[in-house]
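Just below is one structure, and these are the notes that go with it.
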Amino acid sequence: MNLGGVVVAAGSGERFGGPKALVEVGGVPMWRLAADLLESAGAAPVVVVGDVPGGIPGGRRRRDSVAAGVAALPDDVAWVLVHDAARPLATTALARRVAGRLLEGDVDAVVPVIPVRDTLKRVEGGRVVETADRTGLAAVQTPQGFRRAALAAAQAADDRDASDDAALVERHGGVVATVPGDPANLKVTYPEDLALVEALR
């Protein structure tokens, strides 16, 4: 059974000030780094969703863009890695860790996670109203891995949005496993993030 890949590069980059996928890190556009990463983990083919060379059109929401990418994969692709173009420091070792756990075949999705280290507080109107219990909390990264049938079923089950693709699978009873993430696997959201990424690279 084949492993394919989807790179999400369709965001408008509102908080960044423009589309991020075309921004270069080390002289290479972030969408290309993401595609190369998935290929290095054994994904073939890799579909890039976004307004980039060779990309396909994205949707209004992230979940719509991922669905378009999954639909564009050949029918014989049974497993899918989904990665954000905005995470240019993800490593081949991380992607292979996700793919390896996914291909064990006993779960519907795999996500890389890192423990939440900072104290978390709920803030309303500029005031702290609660300190959250961070026991068991983890920050989730990409690439994420999916059994294609489970992801497609979760996408078709309802039209509610989710902050990541694994949440759709989780919402509909899918089994989501974790593997250790990488603290250096930062997401470029604001312009200042790019300087930090370049420094870490």
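Read the figures in this text as sums done on the coordinates, not as results from a lab. Everything quoted here is computed from the prediction, not taken from an experiment. Positions of Cβ are generated from backbone atoms using ideal geometry, with glycine treated the same way; all protein chains shown enter the neighbour counts.
Near the amide H of residue 178, within less than 5 Å, lie the amide hydrogens of 111, all on another chain or at least 5 residues away, with H placed in the peptide plane.
Scanning residues 5 or more positions from residue 25 or on other chains, those with amide H under 5 Å from its amide H are 30, with H placed 1.01 Å from N in the peptide plane. Taking only alpha carbon atoms, the range 126-201 gives an Rg to Rh ratio of 1.05, where Rh is the Kirkwood radius.
In this Cβ point-charge picture (+1 for Lys and Arg, -1 for Asp and Glu), the chain has a dipole of about 280 debye about its Cα centre. Here's how it looks for residue 48: its modeled amide H is under 5 Å from those of 7, 56, which are all 5 or more places away or on a different chain. If you take all other residues with their beta carbon under 11 Å from the beta carbon of residue 170, and give Lys and Arg +1 and Asp and Glu -1, the sum is -2.
Our summary of shape: the Cα atoms of the chain have principal axis extents of 52, 41, 32 Å, ordered from largest down, in whole angstrom. Extension gain, residue 189-residue 104: 0.36 nm per intervening residue step, less the Cα-Cα distance, totals 27.3 nm.
Each of 104, 24 was scored by other Cβ atoms within 10 Å of its Cβ. Arranged with the fewest first, they read 104, 24. Fewest-first ordering of 170, 198, 192 by other beta carbons within 10 Å of each residue's beta carbon gives 192, 198, 170.
When 189, 119, 142 are ordered from fewest to most other Cβ atoms inside 10 Å of their Cβ, what list results? Don't skip to the end; give the middle numbers.
Details: 189 15, 119 8, 142 28.
Exposure proxy ranking, most exposed first: 119, 189, 142.
Here the Karplus curve 6.51 cos²θ - 1.76 cosθ + 1.60, taken at θ = phi - 60°, turns the phi angles of the range 136-145 into couplings of x, 7, 9, 8, 9, 10, 10, x, 10, x Hz, with x standing for Gly and Pro.
For the chain, the mean residue ellipticity at 222 nm estimated from helices alone is -8500 deg cm²/dmol, where every DSSP H run of n ≥ 4 contributes -39500 (n - 2.57) and the total is divided by all residues, rounded to the nearest 500. Across the range 69-81, rounded Karplus estimates of 3J(HN,Hα) from the backbone phi angles (6.51 cos²θ - 1.76 cosθ + 1.60, θ = phi - 60°) give x, 5, 5, 7, 6, x, 4, 7, 7, 9, 10, 9, 9 Hz, Gly and Pro being marked x. Label zone of residue 139 (point 7 Å out along Cα→Cβ, amide N under 13 Å): in the range 180-198 this covers 181-190, 193, 197. Specify whether the C-alpha gyration tensor of the range 16-93 places it in the rounded, prolate or oblate class, a ≥ b ≥ c being the square roots of the eigenvalues: rounded for a/c under 1.5, otherwise prolate if a/b is larger than b/c and oblate if not. In terms of gyration-tensor shape, oblate.
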